[in-house]
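Structure, as structure tokens:
The values are calculated or read from the model by the stated rules, or taken from the named source; none is laboratory data. This one's a predicted model, so the numbers in the text were calculated from it and none came from an experiment. Cβ atoms come from the backbone with ideal geometry, glycine included; neighbour counts cover every protein chain shown.
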Amino acid sequence: MKSLQPKIVYSPHYNIRFLGLEKLHPFDSCKYGHAWQQLLDWFGNQLENLRITPESPVTVQELLTVHTSDYLQQLKHSFYVAKALELSELAILPYFLLEKHILKGMQLATKGTILAAEWALNNGMAVNLSGGYHHASGDKGEGFCLYCDIAIAINVLRESEVLQPEDPILIIDLDAHQGNGLERVFSLDKSVYILDMYNQNTYPQDWWATSLIDCNLPLRNRTEDKEYLALLKKHLPPFIEQVGKPKIAFFNAGTDIYKDDPLGGLSISKAGILERDKFVFHTLTEAGIPWVMVLSGGYTKESYLLVANSVAYILETWGLK
Ligand SMILES: [Zn+2]
């Protein structure tokens, strides 16, 4: 690592504006753009100097490092995509429309996680203002997730020999939902270590995937700040010690732990989310571990602001000296 210099990976094409989709779905399909705009309002045009824009989507070859070709074929059918995204209304639409307006944005965001990881390895840290599709596994899309972007980034870096197969890699999954896709993808992989703290009383309740978590921290419905933060602070540092010296960490920073989130089922305040994120940023940075933050879930109209608060902290602390 040369010196610490964060970058934000973002493309306006991450945002989904299509047939009023945002009205069908709990997801703010423009969360990424709203977060970017908020940061622009706070920091002005100097922010553009800290931006990496993915120009092309993830390639089929890159997708195949994690996903099966049968699964990629299934993703060429509207009904399958509609099921994985839990939007049955999409099933009747011609596939080319879904590809153009929805899948391309997700493919670009998946590329964004690869670019963020490449940047972080050399410069300490990066945020992809999307990604964190942690429910997608090698042969299945579910829970709004089609491409397992973190796993793809890891395997692409291994294929290009930037990472060696035995290099320890850390995944810190703090989205409100269990990252079952990631756990399934890396079920046989001894170099990827997963800490997962999630609401055990909600989706996906994937028992086999639970058995694959290296540091399993299930929470009860409506867990509040004090208990949540104490558990994280107790377990993250010794888990990092146990892993050894990870070459890179991926932080799945879902904001659906927020008390008003309709899908997370937890009761974490705005201040609690910022404290969580600051704790992860500092723990990793002070241990000299390069890290990538991805957004994952967050389903309120305020979710973009929760994201922007944490990214603003990164920029103020390490980015705009
Ligand atoms: Zn979630």
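Tell me, please, whether a residue that is assigned to a strand (DSSP E or B), over 16 Å from ILE171 (Cα atoms), away from the ligand (no atom under 16 Å from the Cβ) and without any contact (Cβ under 8 Å) to a residue 60 or more places away in the chain can be found in the stretch 222-230. Among the residues of the stretch 222-230, at least one is assigned to a strand (DSSP E or B), over 16 Å from ILE171 (Cα atoms), away from the ligand (no atom under 16 Å from the Cβ) and without any contact (Cβ under 8 Å) to a residue 60 or more places away in the chain, which makes the answer yes. The residue of the stretch 85-125 that is surrounded by the fewest Cβ atoms within 10 Å (Cβ to Cβ), among those that are at pLDDT below 95 and among the small types (Gly, Ala, Ser), is SER88. Taken over the stretch 186-198, the criterion of being buried (at least 23 other Cβ atoms within 10 Å of the Cβ) and either among the small types (Gly, Ala, Ser) or within 13 Å of the ligand (Cβ to nearest atom) (or both) is satisfied by ASP196, MET197, TYR198.
Of the numbered criteria (1) at pLDDT 95 or above; (2) within 16 Å of the ligand (Cβ to nearest atom), the one PHE279 fails is (2).
Within the stretch 142-185, track down each residue that is in a loop (DSSP other than H, G, I, E, B) and surrounded by 24 or more Cβ atoms within 10 Å (Cβ to Cβ).
Listed by number, the residues that qualify are LEU146, TYR147, CYS148, LEU174, ASP175, ALA176, HIS177, GLN178, GLY179.
If you check ASP149 against the conditions, is it in contact (Cβ under 8 Å) with a residue 60 or more places away in the chain, within 15 Å of the ligand (Cβ to nearest atom) and within 24 Å of LYS76 (Cβ to Cβ)? Considered against the rule, which asks whether it is in contact (Cβ under 8 Å) with a residue 60 or more places away in the chain, within 15 Å of the ligand (Cβ to nearest atom) and within 24 Å of LYS76 (Cβ to Cβ), ASP149 comes out as yes.
Taken over the stretch 98-141, residues that are assigned to a helix (DSSP H, G or I) and either of a type in the set (Gly, Ala, Ser) or without any contact (Cβ under 8 Å) to a residue 40 or more places away in the chain (or both) amount to 9. The single condition among (1) under 18 Å from the mean Cα position of the chain (by Cα); (2) within 16 Å of the ligand (Cβ to nearest atom); (3) of a type outside the set (S, T, N, Q) that PRO262 does not meet is (1).
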